[in-house]
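Okay, structure first, notes after.
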Amino acid sequence: MKKIIAIVVGMLMLAVCFAGCTGQQVTPAPVQTKAPVTIQSPTAFPVGVEWRLTTYLNRANVLSSVTGVKPVTALFGSSGKLSGSGGCNQYSAAYSVSGTGITISQPATTLMACEESVMQQESMYLADLAKASSYSNTPGDTLTFYDASGAVILVYKRPVDASAGQPAIVGVWDLFSYNNGKGAIETVIIGSTTTADFGVDGKLAGSGGCNQYSASYTTSGSKGITITQPITTLMACENNLMQQESQYLSLLPKASTYEIAGDQLTLFDSTGTKILIYNKHVSRPATIVGVWNLFYYNNGKGGIQTVITGSTTTADFGADGKLAGSAGCNQYSATYTTSGAKGITITQPASTRMACENNLMQQETQYLSLLPKASTYKISGDQLTLFDSTGTKLLIYT
């Protein structure tokens, strides 16, 4: 019995010695942890871009294209402030972005009054802004807002920037509206044509509505522009046309920046006020066939004068050799033939026999008397000029 006890005690002593004498410490097993999860952040919200609205959700919950002369804009600042034009009034709001989510406060606006259709569009646009819940900005030139249900409510386009090769402003533009100097933008006189041809060589030329003008211009960066004081011919036209031309020419040197959105060019002064709004010119084929609108005519007294404001005198040269149109009061018809590249012969026109105001009848009589005197013609851009046999200008159409 004593032997058994001794053996047990000996075994216990050996175990204690093994654990304590070796000096080894028991290290706990490492605790495994999950690798950190990387959250992919969405594409940065496009701040600093003055977006142009193209589509909005109207009162009938249908996506509708933007209408009106003035663009609807949205400029999202880096400080969380949103500002822009609703098409009539300026507005401002606060916004915040989280991922692809966006929240916009109810915009505050100025209190100008515009056409009913523009006001209705503006009202819906501002209401849609406050409904925005998320956005997408793919591929980068289109910004789309969605409501809480995921439905599209607003679509913007990024304005066109200058290309690397040459400024996007290069080309011919037709004036559509201008700052009248009384705090308002108004459209050009119906039937008048004011143009701006920005050349690659830095030269600017065009029609002021009555006189031809020329100037030079330079661009800086992607938006800056400087235009010299234009020089013009010295023709005299009707008073309202001369006033429009004078205002137009006075605005050109005030241009400080420009912007192109789609087919619209806008010039701004140094305060950011819109001064001139053009539409991209659409050229017509270089052929006499087609409808032309009379703009100038030889008054028979040694001068070229513009047609009466509001009157419409046309010439429709048919491919079959027939000529017809409105002389301002009466309809007329004739035949014509062309020879070579420049020769033309027009028969004496026949016309209806309506009576109109005396000044309109005098203009019509002179116009119809000039047609048979045409001997040659010239097409330059979108302008058709008829000359008599001595090379004198008779009729100028656009």
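The values are calculated or read from the model by the stated rules, or taken from the named source; none is laboratory data. What you see is a predicted model, and the numbers here were worked out from it, not measured in a lab. As a convention, Cβ positions derive from the backbone with ideal geometry for all residues, glycine included, and neighbour counts pool all protein chains shown.
Restricting attention to the stretch 311-330, does a residue exist that is in a strand (DSSP E or B), of a type in the set (S, T, N, Q) and not assigned by TED's automatic domain parsing to the domain that holds MET242?
yes
Taking the options SER246, SER270, name whichever one is touching a helix residue (DSSP H, G or I) at 6+ places or on another chain (Cβ under 9 Å), surrounded by fewer than 17 Cβ atoms within 10 Å (Cβ to Cβ) and over 28 Å from THR352 (Cα atoms).
SER270
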Check on THR335, at pLDDT 85 or above, part of a strand (DSSP E or B) and surrounded by 13 or more Cβ atoms within 10 Å (Cβ to Cβ): yes
Count - residues of the stretch 283-308 that are among the small types (Gly, Ala, Ser) and either buried (at least 16 other Cβ atoms within 10 Å of the Cβ) or part of a strand (DSSP E or B) (or both): 1
Any hit, the stretch 270-282, residues being in a strand (DSSP E or B) and at positive phi: no
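Which one is modelled with the highest pLDDT among residues in the stretch 208-222 that are crowded, with 17+ Cβ neighbours inside 10 Å and part of a loop (DSSP other than H, G, I, E, B)?
Residue satisfying both the conditions and the ranking: GLY208.
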Residues that are touching a helix residue (DSSP H, G or I) at 6+ places or on another chain (Cβ under 9 Å), more than 15 Å from SER326 (Cα to Cα) and assigned to a loop (DSSP other than H, G, I, E, B), drawn from the stretch 354-391: ASP388, SER389
Long-range neighbours under 9 Å by Cβ, at least six apart or interchain, first residue in contact (Cβ under 8 Å) with a residue 12 or more places away in the chain within the stretch 229-256, second part of a helix (DSSP H, G or I) and buried (at least 19 other Cβ atoms within 10 Å of the Cβ): GLN229/LEU249; GLN229/LEU252; PRO230/LEU249; PRO230/LEU252; THR232/GLU245; THR232/LEU249; CYS237/GLU245
Some residue of the stretch 67-85 being at pLDDT 85 or above, under 20 Å from ILE153 (Cβ atoms) and in a loop (DSSP other than H, G, I, E, B): yes
